[in-house]
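*Asks:* Sending over a structure as structure tokens; questions will come in a sec.
The values are calculated or read from the model by the stated rules, or taken from the named source; none is laboratory data. Just so it is clear, the model here is predicted, and its values are computed rather than measured. Note: ideal-geometry Cβ built from the backbone for every residue, glycine included; neighbour counts use all protein chains shown.
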Amino acid sequence: MKIVPLQNKSRKGKIFFAVFVLLIFFLLISSIKIRQFVFGGVIKMMRPFFNISNSLKENDLKNKNAELEAKLLSLSQLEKENNDLKSLLSRVKNPQNYILANIISRPPQSPYDILIVDAGENQGVKKDSLVTAFSEILLGRVVEVYPDFSKVKLISFPQEQTAVNLLNSNISANAIGYGGENLYIELPDSIEVSPNDTIVTQGLYPLAIGVIEKTEINTSQSLKKFFFRLPVNLQELKYVLIEKK
């Protein structure tokens, strides 16, 4: 019978234990790498979905911010319009004699010298009613009336005639429209007219319609033409006042 020395057994046990530890170590490392590989792959696969989710959240926030900004802008605009209306009505001597209307179409959107306003039969507008700016400046007359809007022909409409007075010169005449908010008065060459004379409508309650800006002399016909424009910027005017009949 062969006897194995205890020293050899001890050495083999240590070797076996070392191999066992190394094996466990490699298994752990392999397991960690496998987990990292698998986890990394899953992350890569899921990343587009995460990006989509983040993008949707970001777009949702942007939309909400845009909606809030639009509401604030709308409130600011309403406040401005309210203040404009208060300012306008504060200038009118007898607001109960007028119908307030918003301009919804103007040259060049509407043809020639025509305005479309958002007041009609339902608001009490009548044909031939005078249309003014600030109740002080004559713009034109209502020529067509519909349930909720009306058509206004400006006094500057081509060949439209308006009876006027030249205040400083104390002269009566007809103002003739020739388009683009422009008008002229034609008088004999012998009549003297003050430079920059103010032109108003005839009647008990005269309305301003302009100030003479330019003069042309036709020597062959012994006539003078005095040119002027409506004294208001129609592109900036928002509201008109229509006289009640």
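*Asks:* I'd like to check something: does the stretch 230-242 contain any residue that is closer than 22 Å to residue 154 by Cβ, surrounded by 13 or more Cβ atoms within 10 Å (Cβ to Cβ) and of a type in the set (D, E, K, R)?
*Replies:* no
*Asks:* Residue under question is residue 198, and the condition is that it be surrounded by 10 or more Cβ atoms within 10 Å (Cβ to Cβ) and among the hydroxyl-bearing types (Ser, Thr, Tyr); does it hold?
*Replies:* When the stated conditions are applied, residue 198 passes them.
*Asks:* Taking the condition of being more than 23 Å from residue 165 (Cβ to Cβ) and in contact (Cβ under 8 Å) with a residue 60 or more places away in the chain, how many residues in the stretch 212-239 meet it?
*Replies:* Residues in the stretch 212-239 being more than 23 Å from residue 165 (Cβ to Cβ) and in contact (Cβ under 8 Å) with a residue 60 or more places away in the chain: 5 in total.
*Asks:* For residues in the stretch 197-233 being more than 37 Å from the chain's Cα centre (by Cα) and in a loop (DSSP other than H, G, I, E, B), which is modelled with the lowest pLDDT?
*Replies:* Result: 219.
*Asks:* Would you confirm whether or not the stretch 147-165 contains a residue that is closer than 28 Å to residue 94 by Cβ, in contact with a Phe, Trp or Tyr (Cβ under 7 Å, 6 or more places away or on another chain) and among the hydrophobic types (A, V, I, L, M, F, W, C)?
*Replies:* yes
*Asks:* I'm told residue 236 meets every condition in (1) in a loop (DSSP other than H, G, I, E, B); (2) farther than 23 Å from residue 103 by Cβ except one. Can you identify the failing condition by its number?
*Replies:* If we test residue 236 against (1) in a loop (DSSP other than H, G, I, E, B); (2) farther than 23 Å from residue 103 by Cβ, just (2) comes out false.
*Asks:* Can you tell me which of 104, 114 is surrounded by fewer than 15 Cβ atoms within 10 Å (Cβ to Cβ), at pLDDT 85 or above and among the hydrophobic types (A, V, I, L, M, F, W, C)? Even if it seems obvious, please write down each step before you answer.
*Replies:* On the way: 114 fails: surrounded by fewer than 15 Cβ atoms within 10 Å (Cβ to Cβ).
One residue alone meets the criteria, 104.
*Asks:* Within the group 223, 204, 187, which residue is more than 30 Å from residue 109 (Cβ to Cβ), aliphatic (A, V, I, L, M) and exposed (fewer than 12 other Cβ atoms within 10 Å of the Cβ)?
*Replies:* Numbers: 223 fails: exposed (fewer than 12 other Cβ atoms within 10 Å of the Cβ); 187 fails: exposed (fewer than 12 other Cβ atoms within 10 Å of the Cβ).
Only one candidate passes the filter, namely 204.
*Asks:* A further question on this structure: Which residues, taken from the stretch 161-195, are in a loop (DSSP other than H, G, I, E, B), of a type outside the set (A, V, I, L, M) and in contact with an Asp or Glu (Cβ under 8 Å, 6 or more places away or on another chain)? Write out each step before concluding.
*Replies:* Kept after step one, since they are in a loop (DSSP other than H, G, I, E, B), are these residues of the stretch 161-195: 167-170, 180-181, 189-195.
Those still in the list that are of a type outside the set (A, V, I, L, M) too: 168-170, 180-181, 189-190, 192, 194-195.
Passing the criteria: 168, 169, 180, 181.
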